[in-house]
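Quick notes on the structure that follows.
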Amino acid sequence: MLAVRDLSKRHGAFWALRGVTLDVVAGTSTMLFGNNGAGKTTLVRLLASASTPSAGSIAWYGSAEPPRLRIAMLSHADGHYDDLSALEHLKMTESLLPRPGANVAARRSPAQLLDDVGLSPRGDSLVGTYSAGMRKRLAFARLLQKNADLILLDEPYSALDPNGALLVDRLMMEFRALGRTVISSTHQVERAAKHCDSALQLAGGRVIWGGLASDAPVRVADSEPG
């Protein structure tokens, strides 16, 4: 599904990512871990085609052209409109999604999405009144709304309380059951590894370890800053 070859990203004189190569099989889940500044977010953004590489290549489904309608990304910047309620927000974003296509029939309604992420009691509240955790839940609702094949998650557990973390666990299991391809960056290595097939550890923009998620060096990752 994804073939990444010698992928690099430079910001001025600084190389945020250097020579990353990996293959991701459709329907599998991959965990990216490492300390702050390791290159995890940069890699996720490149895979989402939200950024362009300085060197190297990415092939999505055998093509160099990213299938944006099949990709959904959860990022640090939620992009919410504070002057809309959560329900209004989802109705607006729903109107921007394409009508034709195989995935439309399976798309959940805005009300269903709010219920899925535990926001139904505050669905009519302005997003500007939401806590960081509630905004993260709404970001998950928007991600689910797209019903994408490739799901990219940048720190999915951040800003969430224990119940919110359980929501992420449930969604990861749901994605797996549906055969979605998931790539997630996280500091919650031990927890996320339970829902992933493979893992990559990054440091200084390079891959320094790769293998089964169940074999990920949890103690090393958890001892890193951030």
- Grab the chain and count how many Lys pairs have their alpha-carbon atoms under 28 Å apart, sequence gap of 8 or more, or different chains. 11
- Message: Could you give each residue of segment 192-206 its phi-based ³J(HN,Hα) in whole Hz, using Karplus coefficients 6.51, -1.76, 1.60 with θ = phi - 60°, and x for Gly or Pro?
- Response: 5, 4, 5, 10, 10, 8, 10, 8, 10, 9, 10, 8, x, x, 10
- Using the Karplus equation 6.51 cos²θ - 1.76 cosθ + 1.60 (θ = phi - 60°), what ³J(HN,Hα) coupling, rounded to whole Hz, does each residue of segment 119-128 give in order, writing x for Gly and Pro? 10, 3, x, 10, x, 9, 7, 5, 4, x
- Task: Looking at the chain, send over the antiparallel percent of its DSSP beta bridges, to the nearest 5.
- Result: 55 percent
- Item | Likely footprinting exposure, ILE208, ILE71, fewest C-beta neighbours within 10 Å first | ILE208, ILE71
- Shape box of segment 116-226 [Cα atoms, principal axes, largest first, Å]: 46, 32, 23
- How far is it, in nm, from the label point at VAL218 to the one at ASP115 when both lie 7 Å from their Cα along the line to the Cβ? 3.5 nm
- Query: Taking the chain as a Gaussian network, where each spring joins two C-alpha atoms under 10 Å apart, which residue of PHE175, PHE33, PHE14 fluctuates the most?
  - Reply: PHE14
- A correct fewest-to-most ranking of HIS89, HIS195 by other Cβ atoms within 10 Å would be HIS195, HIS89
- For SER85, enumerate residues with amide H under 5 Å from its amide H, sequence gap 5+ or separate chain, H modeled in the peptide plane. VAL127
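I need to check one value: relative contact order of segment 2-222, counting alpha carbon pairs closer than 8 Å and at least 6 residues apart, in percent.
This gives 30 percent for segment 2-222.
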- Message: Which of MET92, MET134, MET73 ends up with the largest GNM mean-square fluctuation for the chain, with Cα atoms connected below 10 Å?
- Response: MET92
- Message: Could you compute Rg(Cα) / (2.2 N^0.38 Å) for segment 154-197, with N its residue count?
- Response: 1.07
- Of PRO67, PRO156, PRO121, which has the largest mean-square fluctuation in a 10 Å C-alpha GNM of the chain? PRO121
- Task: Taking every pair of Cα atoms in segment 1-139, average 1/r, invert it to obtain the Kirkwood radius, and report Rg/Rh to two decimals.
- Result: 1.02
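No lab work stands behind these numbers, since they all come straight from the coordinates. If you're wondering where the values come from, they're calculated on a predicted model, not measured in any experiment. Note: ideal-geometry Cβ built from the backbone for every residue, glycine included; neighbour counts use all protein chains shown.
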